[in-house]
Amino acid sequence: SALILGVRMIQAAEVSVMAIGTDGDSAEFRDCHWQDNKGNAVLIAKSPDAQYIFDNNALILSDVPDVGIENDNMVDAFDFGFADDFEDQDESFEEPNINEGMRLTVRKCSFQYNAIDGALLGSYNAHLLIYESFFEANEIQRSTIEVRAGSLSLVDSCFQKGEYSPDWGVIVLDPNSILVQNSMNSGLDNVNALPVDGGKFCDGVYEAARGCEEFVSTTCSESVALFCYSNWMDLANAVQAVGSSGSLFVLCPGSLFNLDLDPAGGMLPPITIETSGTKIQCGNDGSKENECVISGGYAHFRIDGSAAGVHLKGLNMLAANSPDVATVTVSSESQATTSGESGATAFFIDCEWAGNRGLAALMIENEPSSEEQDIDISPRNENLLSVEIKDCVFSDNKMLNAAVYNSGGTVAISDSQFLGNSGSLGGAFASVDGSVSTVTSSCFVGNEGELSGSVYVDPTSTLVEQNNFGEDNKVSEGSSTCTSIVLAGEDTCTEFELNVCEAGEPDASSEPTPVPAPTEPTGITPVPAPTEATEPTKPVCFSDWDELTSAVDSAGELGLGKAFVLCPNTLFNLRDSNANPISIRSSGTKIKCGEDGRRQNKCLIFGGMEHFKIVGSPFGVSFEGLTMLASTGVASVHASGKGLESIVFFIDCEWAGNTGSSVVLVQSATEDGGVIDDDSRMTESGRGLNEIDLPPPSGPSMTVEFEYCVFSDNKVTYAAVTNLGGKTVLKSTQFLGTIAEGGAVAVYYNGEASISSSCFVGTEKLGPGSVYFSEDSKLVSQEDNFGVGNMGDEDECASIFMKGGCLVEGNCDGICVQYDSGTCAVPPERPDVSSTPPTPTPVPTPTLKPSNTTIPTCYSNWQELSSAVAEANTAGEKF
């Protein structure tokens, strides 16, 4: 009953896994991945008396029936060939009795790019069970799966692009083996690389006693487990190593690839694709709803050479910034060759570009020339690139040329949206240098350009367009007055045909989405509660930072605690806007992503010095489901409230890629009301953070509670959570890859903290403790916490370090409290009902919050009832 979960095994030189056992022994590999292994096999299951001879690739089975091999030295012992050219064997064949061996299960695993001298998986006098697994681009001397005197169950698995040397099958069973189950398996592009004269290749399962049963399908089912990537450089290296055949690369849903976070300093490079057939997608279905976010850096992808059939599906590409390159470039000029062969094709499906800066969000560049042109663009080449853009969104991209810039290629755009982009040619799309473009069923709203507000086509290029919509586009400067489509060759301005945007319309069965807040909000207007006979009212949500700031400030001036809903799938880009943080003053204020306040709704706050400040002494403040990225100032959140009775909850929030002083700073305001923002104060005396050089808070700081939150890849000066004289409560929260002098959590000046069911992984810091307490501070409780890979100086404490408190005299600096759990128990996502008790908040007037919440039949939990009553609007609701 051995169980191996979620392990990635790479670059073994002989055999990655050897499983040896007899009847009653069992092991299961679940959600595992094997890649780039070499040698004799990746995985072998066998009985103790089955000897696998590496020198001559032979097998000796003791105490099993003779299998009729007449070969004294056992070389090529498995080359039993195909009887009667795959014809069915005698139907009276009796299945042999095999010795009882161990049971090995492979479930939802993947095998890619392994180069094996023998069989990839071997079962020798053992039982092998394979379910919902994926095999791709493996180079194998024998077969993917080989069974000798054993049994095989094979269900719902996929075999693609395998290369085999002998005339065998993809899966082979000898005469003494049993095929227990073979159902719903698929195969595609498997080849016999070195066929023998007169031989045949079985693209399926070959039973020596019965013949070949080919795969029933060429398409992998959705249940097959594809290995996914969550690390940018792992993905980049895999794309580069794929060889000439291309491959599918799946990004893990919910992954953030922050290209501003190169551990060596600087930015991570874009990924270059030069191999035809390369596909990169978010999740198994390639949908942007799976939330694969690529953020920052100077560029994200470059498709070079004559790569054909390149697909990017479901990617969210945000906040790249460079004056010299595009976020994504498709070019016919390869860095390895300048031949620029025709036939290069790329497809962008269900992707989003938002908040990028550069030449273009997507640039199609057909073998650029060094000749200078009037508008500094390269002349076309006869070898056209072909690019298709479908169901994509381009929003808030500020570009030198246009959001999509086609120089000499063939581009087809359909069912896509261009929202709030700007460029010197067209705000949304520019076609130049003999380009051929088609734009259909797309929408252009709020774009701004110099030659056209939306679409610009130069005299050498052609455009076919139909069924498009445009609104609120404008010309920024110059003599042009056309806000829609400029055809410079005809000196005409063509208006859009449709009166309503039809791109990206949800299915009739889908849930209604929140509507954006008014352009000039005067506060959120009370909405009467729906009666049983009326339709629910769509809630107001915010997609603009300034509007949200104004609404929160207005409520704060009136002392009102309100709920503010951020629109799902919204990027608040603060990097180039000089936006100020939002100050929370009123008790009961709630800011949440979507109506249910979940991180998966994807409300991203990117860049800027700070994101939020809590000032005064409010209580019952909560943030739910926000993702806060790349702040560079004092802290993403400065909790400067006074007194432990002042409290703020963070539920299901994430902080990633922040590089300021702290990620969350708990510190009551200083005497002058200011905050500590001078990084040099910590180190100017030559002391490290463990001997804090920050001045004390003006008085007791506030209470900050985190539940189901994630801190990942933050590189800050002090600590991810720096608590100066306040109270910190951590529940089911993860700290991953923190780089800070004080570690993941640091507590000073009579502060206190409680930590439960939380995980600390990969902390890099100075001094002892991934969690640090000064001598005057207190660890109230710690329970069920996990830590691994945390580093301190030399052999110092890597878990919880409490300075002082020594029980014996001598060279004791403090006490090291070990984490007490062997596994990280944080759930992958927030449960439906949070255990955090939101505090009911008395306010001078009723909370003005739209009511669209479905009320359960009855309440049996005091906290849920309290929260529901506190959120009720002026019309009243029944509980």
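Computed from the coordinates by the stated procedures, all read-outs in this text should not be read as laboratory data. Worth saying up front: this structure is predicted, and the values here are computed from it rather than measured. Every residue, glycine as well, gets a Cβ built from its backbone with ideal geometry; the counts of neighbours run over all protein chains shown.
Size estimate for region 577-650 follows the Kirkwood approach: the inverse of mean 1/r over distinct Cα pairs works out to 12.7 Å. Projected label points at residue 818 and residue 578, each 7 Å from Cα along the beta carbon direction, are separated by 5.5 nanometres.
Here's the list of lysines a cross-link from residue 390 could span, going by alpha-carbon distance under 30 Å and ignoring same-chain residues fewer than 8 apart: 161, 279, 288, 313, 398, 474, 538, 602. What is the diffusion coefficient of region 730-795 in µm²/s, taking the Kirkwood radius over Cα pairs and the Stokes-Einstein relation at 10 °C with a viscosity of 1.306 mPa s? The estimated diffusion coefficient comes to 133 µm²/s. Available extension along the chain between residue 22 and residue 237 is 73.4 nm, counting 0.36 nm per residue and deducting the alpha carbon span.
Listed by chain and number, the lysines whose C-alpha is less than 26 Å from the C-alpha of residue 46, apart from same-chain residues fewer than 8 away, are 38, 108. With all pairs of different C-alpha atoms in the average, the Kirkwood value for the hydrodynamic radius of region 272-325 is 12.1 Å.
Spacing of the modelled spin labels on residue 1 and residue 216, each 7 Å from Cα toward Cβ, amounts to 3.4 nm. Candidate cross-link partners of residue 765 among the lysines, defined by an alpha-carbon separation under 21 Å and a same-chain spacing of 8 or more, comprise 715, 778, 803.
For the peptides 577-588, 748-759, 441-452, residues were scored by their other Cβ atoms within 10 Å and the scores averaged per peptide; the highest-first order is 441-452, 748-759, 577-588. Here each label is just a point 7 Å from Cα along the line to Cβ, and for residue 858 and residue 230 those points are 4.2 nm apart.
Phi angles across region 563-574 convert, under the Karplus curve 6.51 cos²θ - 1.76 cosθ + 1.60 with θ = phi - 60°, into 3J(HN,Hα) values of 9, 10, 9, 8, 5, x, 6, 10, 9, 9, 8, 9 Hz, Gly and Pro given as x. Here the Karplus curve 6.51 cos²θ - 1.76 cosθ + 1.60, taken at θ = phi - 60°, turns the phi angles of region 730-737 into couplings of 10, 10, 6, 10, 10, 10, 10, x Hz, with x standing for Gly and Pro.
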